[in-house]
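*Asks:* Provided herewith is a single structure, encoded as structure tokens, for subsequent inquiry.
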Amino acid sequence: MALMRCTKCRVALPEEDRIAHYSSPWHNYNIRRNIAKKGPLTKEDFEERIAEHYRIQQQEQQKKSVVYKCKICRKTFKSEATCEQHMKSKKHLAAVKKASEKKGKNLELKEVIQSRVINDNDDASTTSSQAIPLQNIPLRSCLFCPHESETLTESLEHMLHVHNFFVPFLSYVTSVEGLLMYLGRVVGEQGRCMTCAKTFHSLEGCWHHMSACGHNRITFYEEDTTMDEFFDFNKERASSVSEASEGSLGQLVVREAKRYPVRINDLEELVLSDGARLGHRKHIRVYDQKIRLEDTRDCVVIPKLTARYRALCMPGYGLPADLNKIQQHKEYTKKILKYKMRNELKHNNDKFFKIYT
């Protein structure tokens with residue numbers, strides 16, 4: 001059996017294995033080492049390096065799949081370095097100290113930081129080890145957290161003060177209960193944000209998105225939406241008529257009528273019911289002008305002209321008449337030339353004319 005010797009790998013091989021050896025990763029790696037003026041590796045050393053490389057690559061992939069969550073501050077981090085930097089911050093240390101005083105003991109690291117492995121298809125900011133599945137949110141439950149209230153009014157008060165959520169155009173809503181039940185189905189069952197319509201696979205992920213992005217308001221995307229059935233803008237305005245209601249102390253409380261748009265005049269201004277006018281924003285350059293009308297009163301005009309004539313040494317306003325007329329003419333010429341030069345430089349375009357003095 002004929003043998004051949006590979007000068008790069010320094011091994012003897014059968015002739016029939018020549019093509020397979022030349023196309024192997026081991027041979028190609030030794031060629032690159034030879035170009036770098038390094039010695040060849042044996043096959044055993046090469047296989048050990050490949051196994052070590054795969055092991056390190058797998059560890060790096062596992063690190064990328066691990067996210068860290070601070071239970072105290074309710075923040076999620078995608079790397080260990082950012083989590084350690086957060087743990088050294090003053091805000092985190094103050095929150096941990098406050099939580100420790102509240103529980104009466106020092107909190108351990110595992111009670112503060114929670115690490116979990118996520119899948120490639122999951123979002124690190126929305127995945128949790130105990131994710132709440134999508135489900136319908138009851139009527140008296142909060143749309144942004146698991147809080148439950150006894151009455152509908154308490155639930156609305158909670159969402160207003162804690163999450164800054166309010167129902168827009170409340171005077172035109174036909175059914176507040178129906179609107180909240182519809183939003184509960186949108187957020188709970190569909191996992192869709194009520195502001196940007198982004199969908200999530202868990203209820204906790206949707207809550208985290210709305211809290212982090214400030215999407216705690218109802219947005220009307222188009223003219224005809226599915227929420228039109230809960231609003232009636234054609235009914236009589238409740239604010240146009242003064243309403244009276246009985247106060248908590250038995251006193252009669254009169255609500256003042258609110259102003260509302262009436263028409264748009266020829267200047268494209270919105271005229272309100274109380275007579276106020278709102279201009280269009282495309283005329284903002286006109287509204288920003290600060291026009292000062294010229295004051296034509298004699299008590300203002302005469303002193304200005306007198307001062308100007310005296311500065312120019314005009315006859316009768318400059319030097320006394322008994323002085324030499326030649327000297328007076330020289331002073332007048334000097335003043336008028338200085339005034340002309342200053343005036344010409346002031347009105348000239350600096351882009352094309354400059355004088356360096």
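The values are calculated or read from the model by the stated rules, or taken from the named source; none is laboratory data. Note that this is a predicted model, so its numbers are computed, not measured. Glycine also receives a Cβ, built like all others from the backbone with ideal geometry; neighbour counts cover every protein chain displayed.
*Asks:* Since residue 67 meets every condition but one in (1) surrounded by fewer than 10 Cβ atoms within 10 Å (Cβ to Cβ); (2) modelled with pLDDT under 85, which condition does it not meet?
*Replies:* Unmet condition: (1).
*Asks:* Could you identify the single residue in 189, 243 that is at pLDDT 85 or above and either of a type in the set (Asp, Glu) or not assigned by TED's automatic domain parsing to the domain that holds residue 147 (or both)? Spell out how you get there, then give the answer.
*Replies:* Numbers: 243 fails: at pLDDT 85 or above.
Exactly one of 189, 243 is at pLDDT 85 or above and either of a type in the set (Asp, Glu) or not assigned by TED's automatic domain parsing to the domain that holds residue 147 (or both), namely 189.
*Asks:* Condition (residue is farther than 25 Å from residue 71 by Cβ and either modelled with pLDDT of 70 or more or not in a loop (DSSP other than H, G, I, E, B) (or both)) applied to region 117-134: is it met by at least one residue?
*Replies:* Checked region 117-134: no residue is farther than 25 Å from residue 71 by Cβ and either modelled with pLDDT of 70 or more or not in a loop (DSSP other than H, G, I, E, B) (or both).
*Asks:* Please indicate, with yes or no, whether at least one residue in region 93-106 is in contact with a strand residue (DSSP E or B) (Cβ under 6 Å, 6 or more places away or on another chain) and either at pLDDT 85 or above or of a type in the set (S, T, N, Q) (or both).
*Replies:* no
*Asks:* Could I ask something else about it? Against the definition (within 21 Å of residue 114 (Cβ to Cβ) and surrounded by 13 or more Cβ atoms within 10 Å (Cβ to Cβ)), how does residue 86 come out, yes or no?
*Replies:* yes
*Asks:* Can you confirm whether region 145-152 contains a residue that is touching a residue at least 12 places away in the same chain (Cβ under 8 Å), surrounded by fewer than 19 Cβ atoms within 10 Å (Cβ to Cβ) and hydroxyl-bearing (Ser, Thr, Tyr)?
*Replies:* Looking through region 145-152, none of the residues is touching a residue at least 12 places away in the same chain (Cβ under 8 Å), surrounded by fewer than 19 Cβ atoms within 10 Å (Cβ to Cβ) and hydroxyl-bearing (Ser, Thr, Tyr).
*Asks:* Moving on to the next point. Which of (1) at pLDDT 65 or above; (2) more than 58 Å from the chain's Cα centre (by Cα); (3) not aliphatic (A, V, I, L, M) does residue 322 not meet, given it meets every other one?
*Replies:* (1)
*Asks:* From the residues in region 23-45 that are outside any helix (DSSP H, G or I) and surrounded by 14 or more Cβ atoms within 10 Å (Cβ to Cβ), which one is nearest to the chain's Cα centre (by Cα)?
*Replies:* Filtering region 23-45 for residues that are outside any helix (DSSP H, G or I) and surrounded by 14 or more Cβ atoms within 10 Å (Cβ to Cβ), the one nearest to the chain's Cα centre (by Cα) comes out as 24.
*Asks:* A further question follows. List the residue pairs whose Cβ atoms are under 7 Å apart, where the first residue sits in region 254-268 and is polar (S, T, N, Q), the second is modelled with pLDDT under 75 and loosely packed, with under 10 Cβ neighbours inside 10 Å, and the two are 6 or more positions apart or on different chains.
*Replies:* none
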